[in-house]
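What follows is one structure encoded as structure tokens, with my remarks underneath.
Every read-out reported here was derived from the displayed coordinates using simple, explicitly stated rules and does not represent laboratory data. These figures come from a predicted structure and were not determined experimentally. Neighbour counts run over all protein chains shown; Cβ positions are idealised from the backbone, glycine included.
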Amino acid sequence: MNSFPEKPLTAGIDEDVILSAIVEGATDGIARIDADGRIVSWTTGAERLLGYSREEIVGREIFTIVPEDLRDAVRAGLRRQIQEGGVYHEETVRIHKKGKPVPVLLTRVPLQDARGKTVAFLVIFKDISEKKKLQKQVETLQRDNAMAKVAAKVAHEIRNPLGVLFLKSDLMVERLEMAFENWGKGNPGQHRAVLEKYVSDIKRQISRLEEIANNYLQISKIRMNEREDVDLHKFMEDLEAELREHHSSDEVTFVFSVDAGLTTAYLDPQQFQRVFANLVRNSVEAIQLSHKRKGRIEMRVARQEGGLEFLVSDNGPGIPAKIQETIFDPFTTTKSIGTGLGLYLAREIVENHQGSLVIDSAEGQGTRVRITIPLGDDEAA
């Protein structure tokens, strides 16, 4: 059996030639630029990706393929790498010869001389067009799914009160027919009491439909807040008047306060009024379900380091721990009637004011909601 000494497959071939072949055969675009950003070499992969031949691009500045609004950032990045070294990675855009943007994963490697000075860069462009296309398709699908979910929820939420309205209307007609047939007989007050109950039920369902419409309308307006310097004392007075109008003093006692020295807050008053209306309604309903003889809800505005703090606390039954995990998810509700959007909307509104909303609650110990937002310009001064 003949044996041959093992030899490297590249024996006799210059390593520079091998490296050049690897670089030239790469599917990614590769270019070498000098420290001033001028293109020195350009591979077939780069030509394939960005459309420029070697003859067209070598000797020109790298900014030829950089979008105009990114050129200052690229210049600053080159200067920083010359001073500090290090490999740079970024998902960005480069411009094709035909003018169309090409999404790329860019890697820029500094090349140093024997003294360790950066004298050039190796720039690698990896085409990520397919990745971006897939991302866009996924985002579109997620958006479509979200819209479908919202549409289904709206349809479901509206169907329930509409069904009650139709039923109560039919019952009213039957009762009126009965009343006319028995005119002058029996007890008229009996018919009146039943009709009044039907009317009350219908009004309640109409209010429910209005609430559903307002909640979904509010979602579309969250990002369009109209902030202004709001007089905190007047804001709290107006809020108190509205809440007392909707909730009987027999059900709950309200306590409102604004700490001394606080005058204004920079916020959208209508959106924040909705936040507190949602929070208070949740507290009142929880207190009612707990069968407490007298509920108490306190609302206080206090100064916090760097901002304002709105505190809403109640003596209700508290929120079970397992529910707290999903309480801010849209369409999550523990009530038989509810959109499950109240707390979701509240947090979205607060976060859109660069603030935070935190709930501290335990079963049997009530609930405390803490909202923090930045100070307005006048207060910060």
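Under the 0.36 nm per residue contour assumption, what length would be gained going from the current alpha-carbon distance of ARG300 and GLN83 to full extension?
Details: separation 217, 0.36 × 217 = 78.12 nm, distance 5.38 nm.
Full extension of this stretch gives 72.7 nm more.
Could you give the C-alpha radius of gyration of segment 226-380 expressed as a fraction of 2.2 N^0.38 Å, taking N as the number of residues it contains? If you can, show how the numbers build up before the last one.
Numbers: Rg = 15.2 Å, N = 155, 2.2 N^0.38 = 15.0 Å.
Taking the Cα Rg and dividing by 2.2 N^0.38 Å, one obtains 1.01.
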**Asked** Can you put VAL93, VAL66, VAL123 in order, fewest other beta carbons within 10 Å first?
**Response** VAL93, VAL66, VAL123
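Given Cα pairs under 8 Å that are at least 6 residues apart, what percent is the relative contact order of segment 15-127? Each step should come with its number before you reach the end.
Working: 203 pairs, mean separation 29.9, N = 113.
Once normalised by length, the contact order is 26 percent.
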**Request:** Set the Förster radius R0 to 30 Å, insert the Cβ-Cβ distance between GLU90 and ARG370 as r into 1/(1 + (r/R0)^6), and round the FRET efficiency to 0.05.
**Result:** 0.15
**Prompt:** What ranking do ARG94, ARG115, ARG300 get, fewest neighbouring Cβ atoms within 10 angstrom at the top?
**Reply:** ARG115, ARG300, ARG94
**Message:** Check which residues have an amide H placed less than 5 Å from VAL93's amide H, if you skip close sequence neighbours.
**Reply:** VAL104
**Fill in**
Residues whose built amide H sits under 5 Å from the amide H of LEU375, excluding neighbours closer than 5 in sequence, are GLY307, LEU308
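Sort ILE65, ILE373 so the one with the fewest other Cβ atoms within 10 Å of its own Cβ comes first. Kindly include the intermediate steps, with their values, before the conclusion.
On the way: ILE65 25, ILE373 22.
Listed from fewest to most nearby Cβ atoms, that is ILE373, ILE65.
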**Asked** How would you classify segment 15-127 from its alpha-carbon gyration tensor, with a ≥ b ≥ c the square roots of the eigenvalues: rounded for a/c under 1.5, else prolate if a/b is greater than b/c, otherwise oblate?
**Response** oblate
**Item:** Estimated inter-spin distance, GLU196 and PHE328, nm [label 7 Å along Cα→Cβ]
**Value:** 4.6 nm
**Message:** What are the ³J(HN,Hα) couplings of segment 254-270, residue after residue, when phi is run through the Karplus curve with 6.51, -1.76, 1.60 and θ = phi - 60°? Round to Hz, x for glycine and proline.
**Reply:** 9, 10, 10, 7, 10, 4, 4, x, 8, 10, 10, 9, 9, 7, 8, x, 5
**Message:** Quick query: amide H of ILE30 versus all other amide H atoms, modeled in the peptide plane; which residues come in under 5 Å with a sequence gap of 5 or more or a different chain?
**Reply:** THR43, GLY45, ALA46, PHE125
**Asked** Given a cut-off of under 8 Å on Cα pairs at least six residues apart, what relative contact order in percent is computed for segment 226-380?
**Response** 25 percent
